[in-house]
Amino acid sequence: MELPDFLKETLAPLVAVVESMNKQVAAVDEKLAAMVEADEEMKRLCTMRSVGPVTAAAFVATIDDATRFEGPHQVQAYLGLVPSERSSGEEQHRGRITKTGNGKVRRLLVQVALSTMRLRKTASKPLWEWASRIEAKRGRKVAAVALARKTAGILFAMLRDKAPFIRPESERQRRHDAAEGRRLPMASHHLKSANRRTNQSRGQQLSDS
């Protein structure tokens, strides 16, 4: 659609500002991508689906030294992703997340969670399947925050263990592996019994001859 001349003249300064900003953003993105490529920790975090250079850089800068945290839950609390608690006598009530710590990192992790839930990549299937079950019961917002909390724990473990992202096993896969684990000893027992019967039969044949 062709715009009228007077409207083009009115919008021209705004278009020039937007184009200039886009060039600046592109230049910053290039510098950030190069920085991540040169940093082993940031590059490692980017092996997780939906985690890009911005999230990786922000997470590494915020966590700094992974050894100063005792475990994933402490990191999740540090980032304000754990539910608040109110105690009254013997009763404990959980409320909304505390939102303490770095709000930018927390928002980035929520965006990672939403992206994971939306894209549904095979590499992160157990994660979005888990979040989908929460979404069905408590809504998308609660599911996204829960997945952001889990993502923070995973990213921390990757920093702590100096390991790339490894696809978590789904509940179905764990049940299958557990069942296979039970079957293997039984199969081994049956095989040993069959071998024993075969050896006994051969021994009987030799004695008869």
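Quick note: the coordinates plus some simple rules give every number you see, no bench work behind them. As the structure is a prediction and not an experimental result, all values here were calculated from the model. Glycine gets a Cβ as well: all are built from the backbone with ideal geometry, and neighbour counts include every protein chain shown.
Computed quantities for the displayed model
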quantity: Flagged links, alpha-carbon separation over 19 Å, of Lys121/Lys150; Lys23/Lys104; Lys43/Lys162; calculated: Lys23/Lys104
quantity: Calculated diffusion of the stretch 52-116, Stokes-Einstein form, Kirkwood radius summed over Cα pairs, 10 °C and 1.306 mPa s, µm²/s; calculated: 121
quantity: Residue among Leu119, Thr62, Trp130 farthest towards the positive dipole end of the stretch 58-153, charges placed on Cβ; calculated: Leu119
quantity: Shape box of the stretch 60-161 [Cα atoms, principal axes, largest first, Å]; calculated: 45, 36, 22
quantity: In order through the stretch 126-134: 3J(HN,Hα) via Karplus (6.51 cos²θ - 1.76 cosθ + 1.60), integer Hz, x for Gly, Pro; calculated: x, 6, 6, 5, 4, 5, 5, 5, 5
quantity: From phi via Karplus (6.51, -1.76, 1.60), per-residue ³J(HN,Hα) for the stretch 152-167 in Hz, x at Gly/Pro; calculated: 4, x, 5, 4, 4, 4, 5, 5, 4, 8, 6, 10, x, 5, 10, 4
quantity: Gain in span if fully extended, Ala26 to Lys162, counting 0.36 nm per residue against the direct Cα distance; calculated: 46.0 nm
quantity: Amide proton proximity set for Ile97, modelled H, under 5 Å, gap of 5+; calculated: Ser84
quantity: Value of Rg to Rh for the stretch 8-122 (Rh from inverse mean 1/r over Cα pairs, i.e. Kirkwood); calculated: 1.13
